[in-house]
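Undergrad: Supplied in structure tokens, the structure appears directly below.
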Amino acid sequence: MKIKTKQLLTLLLFFAMAGIVQAQDDLKFTLGEAQEYALKNSYVVQNSGLDVAAARKKVWETIAMGLPQVSGNASYTNFLNLPVSLIPGEFFGEEAGTYIPVKFGQDYNSDFGFTVDQLIFDGSYIVGVGSAKIYLQMATQTKEKTDIEIKHAVAQSYFMVLAAEENLQVMKENLSNSQKLESDTKALYENGFSEEQDVDQMKLLVQKAENEILKAAREIRVARTVLKYTMGVNVESEIQLTQSLDDFLDPLINKEEHIAGFDYSSHIDYRMLDTQRQLSKKELMLAKSAYLPRVSGFYNWSKTSYGNSANLFKRSVPWFKSSLIGLNISVPIFTAGQQMAKVKQAKFSYEQAENNQKLSVQTLQKDYLTAIADIESAVDQYKNDIDNKQLARRIYDKTTIKYNNGISSSIELSQTETQYIQAQGAWVASVIQLLNSKINLDKAIGKL
């Protein structure tokens with residue numbers, strides 16, 4: 001069956017649009033999905049991964065220093081003027097005290113060969129291999145720390161977007177109420193039951209509500225841009241967040257118990273400081289290893305040719321082989337106290353690393369207790385602000401009813417609306433504070 005060009009173009013367009021729709025559908029994220037996406041696409045995480053890859057190569061580079069090293073060499077020489085040596089004349093039957101100039105060698109020579117070096121013993125090499133492996137461990141832990149920071153930043157941005165969107169919905173509802181009040185007040189004024197001042201006051205309420213919506217919309221744009229930037233999403237792309245604030249708030253509000261403690265030794269900060277302590281210990285061992293001798297062996301093989309013709313590569317030109325094998329031993333004897341000073345410095349650094357690790361235990365405990373206090377305060381503040389928000393809403397609704405019945409003035413209505421907007425803003429701030437305190441607690445106990 002033949003497909004016409006127009007039908008083919010239609011099919012291609014259909015599949016292209018389907019691909020676009022699919023691509024758009026794929027940009028929907030729960031918080032966990034957003035964090036996983038960031039771990040795969042964030043440039044910061046990618047660079048951290050490259051650091052780990054480089055550390056692996058560093059380990060092999062260090063190991064390879066103790067493996068056989070082979071180097072080759074080749075040369076071709078044309079003596080424009082052969083070097084001259086003076087030989088005492090008496091060797092040639094001349095008078096004593098005279099010298100005969102003699103040229104040794106030929107105009108052309110060439111040689112090639114190779115050398116094999118093998119490290120036999122070097123204390124610094126042994127320590128260096130161990131240090132390189134610890135360096136890889138440090139790079140891996142640094143990446144883990146980076147992953148945690150990225151997940152923390154994504155969570156903060158995710159919560160900011162949800163809070164801003166919730167605030168926008170409330171501001172839209174407020175605008176709708178203000179527009180209805182304006183319309184009703186205008187109708188009353190046209191029928192002589194209201195004053196022009198009341199109409200103007202309602203216009204101000206509408207304008208104020210419109211400004212609040214514009215402000216809320218800008219906050220959403222900024223929050224979404226920050227979230228996409230943190231995740232590694234193109235800032236021009238559109239993303240959808242599939243979780244709501246209630247998904248995160250309900251477990252925090254309805255669950256009063258908190259974690260009784262945590263294992264500080266599993267926390268990434270403690271483990272990184274422990275790795276730093278191990279590195280400091282290796283540096284101390286490295287400084288001490290400088291007192292040990294260094295032993296290496298070598299083997300050299302070469303071929304050399306000489307001649308007065310520029311072409312030394314003819315079959316008739318002889319090549320002369322040479323080879324040798326030997327040992328090199330280097331023993332430190334006297335350094336005027338320089339090496340001892342290096343050992344002392346390394347020892348001090350190791351003691352500092354031990355102190356830092358001990359301090360980290362207290363720091364982690366302090367951060368944990370602070371995070372517990374912060375989340376408890378945030379829960380109390382949230383409950384207080386949600387009560388204030390509901391109370392301000394009830395006052396605003398009652399004042400609206402009174403205004404519609406001619407009991408309350410437009411100024412009083414404006415004041416209660418301002419009070420409600422302020423309560424709404426305080427509620428948004430407490431939501432963000434509560435959610436951030438939760439992820440700060442997760443980070444403090446090493447569960448993020």
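The values are calculated or read from the model by the stated rules, or taken from the named source; none is laboratory data. Treat the numbers as computed from the prediction; the structure is a model and nothing was measured. In this analysis, Cβ positions are derived from the backbone assuming ideal geometry, glycine residues included, and neighbour counts consider all displayed protein chains. Each accessible area value is taken on the protein alone, full model and side chains, heavy atoms only, with ligands, DNA and RNA left out. Shrake-Rupley method; radii C 1.70, N 1.55, O 1.52, S 1.80 Å.
Undergrad: When the residues of the range 29-45 are filtered to those that are open to solvent by 80 Å² or more (accessible area, probe 1.4 Å) and under 18 Å from the mean Cα position of the chain (by Cα), which remaining residue is farthest from residue 297 (Cα to Cα)? Please lay out each step first, then the result.
TA: To start, the set of residues in the range 29-45 that are open to solvent by 80 Å² or more (accessible area, probe 1.4 Å) comprises 33, 36, 40, 43-44.
Among the residues that remain, those that are also under 18 Å from the mean Cα position of the chain (by Cα) are: 36, 40, 43-44.
Values: 36: 52, 40: 48, 43: 46, 44: 45 Å.
The extreme case among them is 36.
Undergrad: Which condition number does residue 89 fail, the rest of (1) open to solvent by 70 Å² or more (accessible area, probe 1.4 Å); (2) more than 58 Å from the chain's Cα centre (by Cα); (3) not hydroxyl-bearing (Ser, Thr, Tyr) being met?
TA: It fails just one condition, (1).
Undergrad: Give me the pairs, please: first residue somewhere in the range 197-222 and touching a residue at least 40 places away in the same chain (Cβ under 8 Å) and over 16 Å from residue 415 (Cβ atoms), second residue anywhere and open to solvent by 60 Å² or more (accessible area, probe 1.4 Å) and among the polar types (S, T, N, Q), beta-carbon distance under 9 Å, and either six or more positions apart or on two chains.
TA: Hits for this filter: 216/169.
Undergrad: Determine which single condition residue 223 fails, assuming it passes every other condition in (1) farther than 30 Å from residue 346 by Cβ; (2) surrounded by fewer than 18 Cβ atoms within 10 Å (Cβ to Cβ); (3) modelled with pLDDT of 90 or more.
TA: So the condition that residue 223 fails would be (2).
Undergrad: Any idea which of (1) closer than 21 Å to residue 82 by Cα; (2) open to solvent by less than 60 Å² (accessible area, probe 1.4 Å); (3) not hydrophobic (A, V, I, L, M, F, W, C) is the one residue 311 doesn't satisfy?
TA: (2)
Undergrad: Taking the options 357, 422, name whichever one is part of a helix (DSSP H, G or I) and open to solvent by 70 Å² or more (accessible area, probe 1.4 Å). Show your work before the answer.
TA: Numbers: 357 fails: open to solvent by 70 Å² or more (accessible area, probe 1.4 Å).
Checking each option against the conditions leaves just 422.
Undergrad: Let me ask something else about it. Could you please find all residues in the range 304-354 being within 30 Å of residue 79 (Cβ to Cβ), charged (D, E, K, R) and in contact (Cβ under 8 Å) with a residue 12 or more places away in the chain?
TA: Answer for the range 304-354, where residues must be within 30 Å of residue 79 (Cβ to Cβ), charged (D, E, K, R) and in contact (Cβ under 8 Å) with a residue 12 or more places away in the chain: just 321.
Undergrad: Ok, one more. Given the condition among the aliphatic types (A, V, I, L, M) and part of a loop (DSSP other than H, G, I, E, B), answer yes or no: does some residue in the range 427-434 qualify? Give the steps one after another, and end with the answer.
TA: Taking the range 427-434 as the starting set, the residues that turn out to be among the aliphatic types (A, V, I, L, M) are 428-429, 431-432, 434.
Among the residues that remain, those that are also part of a loop (DSSP other than H, G, I, E, B) are: none.
So far as the range 427-434 goes, no, none of its residues is among the aliphatic types (A, V, I, L, M) and part of a loop (DSSP other than H, G, I, E, B).
Undergrad: Of (1) surrounded by 13 or more Cβ atoms within 10 Å (Cβ to Cβ); (2) of a type in the set (D, E, K, R); (3) more than 23 Å from the chain's Cα centre (by Cα), residue 151 satisfies all except one. Which?
TA: Every condition holds for residue 151 apart from (3).
Undergrad: Of the residues 367, 380, 374, only one is out of contact with any Phe, Trp or Tyr (no Cβ under 6 Å at 6 or more places or on another chain), under 25 Å from residue 248 (Cα atoms), charged (D, E, K, R) and surrounded by fewer than 13 Cβ atoms within 10 Å (Cβ to Cβ); which?
TA: Details: 367 fails: surrounded by fewer than 13 Cβ atoms within 10 Å (Cβ to Cβ); 374 fails: surrounded by fewer than 13 Cβ atoms within 10 Å (Cβ to Cβ).
Answer to the selection: 380.
Undergrad: Turning to a different aspect of this structure: I'd like the residue in the range 98-129 that is touching a helix residue (DSSP H, G or I) at 6+ places or on another chain (Cβ under 9 Å) and of a type in the set (A, V, I, L, M) and, out of all such residues, is most open to solvent (accessible area, probe 1.4 Å).
TA: Narrowing the range 98-129 to residues touching a helix residue (DSSP H, G or I) at 6+ places or on another chain (Cβ under 9 Å): 98-100, 119, 122-129.
The next check asks that each one be of a type in the set (A, V, I, L, M); those that pass are 100, 119, 126-127, 129.
On the way: 100: 53, 119: 28, 126: 104, 127: 12, 129: 28 Å².
Looking at the filtered set, the residue picked out is 126.
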